[in-house]
Amino acid sequence: MHIYADYAATAPLRREALEAMTPWLTDGYGNASSIYRVAREAKRALEDARRSAAASLGVLPEEVYFTSGGTESDNWALKGALELGARQGDEPRERRRHLVTTAIEHPAILQTAQWLERQGMDLTILPVDEAGLVSPERAAAAVGGDTQLVSVMHANNEIGTIQPIEDIFRAVKAKNPQTLCHTDAVQSAGHIPVPWEGADLMSLSAHKMGGPKGIGALVVRRGVRLPAFMHGGGHERGRRSGTENVAGAAGFAAALATGAAEMEREAARLSALRDRLIAALLRIPYSRLTGHPVRRLPGSVSVVFECVEGESLVLGLDMNGVSASSGSACSSGSLDPSHVLLAIGLPHEIAHGSVRFTLGGDISETAVDRIADITARVVAERRAMSPVWDEKAQRPIPFGT
Ligand SMILES: *Cc1c(COP(=O)(O)O)cnc(C)c1O
């Protein structure tokens, strides 16, 4: 039996999404920007998808811009907002060239922020507490007259912590009403309600909620004059050029609608399975939970085990039919511990022993119990081979012996 427990990396395509996509991958091949019938049908499907996605999200259809996914949406939000701020007003002192973000963002945000800093923008990276929470007071304190954008993710992909984005953005706007607020809601949208009322920009990705890979959206609040990021034929009302991905948009909208319809039931079911798995894993000696104990995504279980290499544990789990991940997939292959685990204050050697299980779909109690049993066995095996584990005493070898 194979158990897939890496839903935060990607979710399998939902049946509803596949069914919504099929017509536009087959007979409905028209280019949505042309004027004859097969094209008009595709255009109608695209606009239906936009209306449906907007309704699921509680936004206006004209606020939804389809992109190629979360990474593009994050790049567009940051680069577009800073471009807008840097050319603001007639006087240099009216320009806003300051960006504020957090230490636990996805690389699509952090790498983009660092690139902007190299282009001459000012960057502040907010710390988080040991549960991974950003403080609204600290966020507001970082905001000045020149702050153009504050970007805070809604839920973290590695440790599952859910930020109080409504409080953070309220505090930011109280300090400077001109400052724009962006949230990367890739991990939360379609899974839990996203309270984005105080935000101006929001990034989404279809494949993290059962839609296809390679499509997502940036929601741009009406009135925010975000400049285009992709230049070309003027698609998406001139703001995001590129022949429209009609099938992708239809699949994305279907995944969002199904997610919204099942949200309450799924969140309750997955939270119970999550807590069951956490309890079982914490019975393994020298383990601890990372992220917030309560404010966390329904399917998100992240733990660290002392004297075990996370990567080696993931390979051991895979040999036993369990797909999980260690840190983030984006940084695996590198031997640096996750920036998120370091930001919550874990020492390097402990951060190395991290494993993340993210649940979804039809995962059962039996499957969760099996994950816990297999993990306990693999952790024990790896520790038995570890130079820093005392097999007889069943504990880490004390430092200095
Ligand atoms: C996966 C992910 C992204 C990137 O989305 P893609 O559609 O894969 O480019 C961005 N932010 C977060 C929090 C993610 O988990």
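The values are calculated or read from the model by the stated rules, or taken from the named source; none is laboratory data. What you are looking at is a predicted structure, and each value in this text was computed from that prediction instead of being measured. Methodologically, a virtual Cβ is constructed for each residue, glycine included, from the backbone with ideal geometry; neighbour enumeration extends over all protein chains shown. Keep in mind that these areas ignore ligands, DNA and RNA; they rest on the heavy atoms of the full protein, side chains included. Shrake-Rupley method; radii C 1.70, N 1.55, O 1.52, S 1.80 Å.
The table that follows gives values for the structure above.
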read-out: Criterion: under 24 Å from Arg225 (Cβ atoms), hydroxyl-bearing (Ser, Thr, Tyr) and more than 21 Å from the chain's Cα centre (by Cα) - qualifying residue of Ser68, Ser33, Ser52; value: Ser33
read-out: Candidate set: segment 56-86, residues that are more than 16 Å from the ligand (Cβ to nearest atom) and of a type in the set (Asp, Glu); chosen: the one least open to solvent (accessible area, probe 1.4 Å); value: Glu63
read-out: Segment 337-372, residues that are among the charged types (D, E, K, R) and closer than 25 Å to Leu13 by Cβ; value: Arg356, Asp362, Glu365, Arg370
read-out: Answer residue from segment 157-182, given it is among the basic types (Lys, Arg) and more than 22 Å from the chain's Cα centre (by Cα) and is most open to solvent (accessible area, probe 1.4 Å) among those; value: Lys175
read-out: Residue among Ala45, Ala53, Ala39, Ala11 that alone is away from the ligand (no atom under 16 Å from the Cβ) and touching a residue at least 24 places away in the same chain (Cβ under 8 Å); value: Ala45
read-out: Filter result (open to solvent by less than 10 Å² (accessible area, probe 1.4 Å), outside any helix (DSSP H, G or I) and within 12 Å of the ligand (Cβ to nearest atom)) within segment 196-215; value: Met202, Ser203, Leu204, Ser205, Met209, Gly211, Ile215
read-out: Which numbered condition Leu218 misses (of (1) surrounded by 22 or more Cβ atoms within 10 Å (Cβ to Cβ); (2) assigned to a loop (DSSP other than H, G, I, E, B); (3) within 15 Å of the ligand (Cβ to nearest atom)); value: (2)
read-out: Residue within segment 342-364 that is free of Cβ contacts under 8 Å to residues at least 60 places away in the same chain, surrounded by 14 or more Cβ atoms within 10 Å (Cβ to Cβ), polar (S, T, N, Q) and outside any loop (DSSP other than H, G, I, E, B) present; value: no
read-out: Gly321 more than 21 Å from the chain's Cα centre (by Cα), within 25 Å of Thr112 (Cα to Cα) and surrounded by fewer than 20 Cβ atoms within 10 Å (Cβ to Cβ); value: no
read-out: Subset of segment 177-195 [away from the ligand (no atom under 14 Å from the Cβ) and without any contact (Cβ under 8 Å) to a residue 60 or more places away in the chain]; value: Pro177, Cys181, Pro195
read-out: Residue count for segment 370-401, restricted to those that are open to solvent by less than 60 Å² (accessible area, probe 1.4 Å) and in contact with an Asp or Glu (Cβ under 6 Å, 6 or more places away or on another chain); value: 2
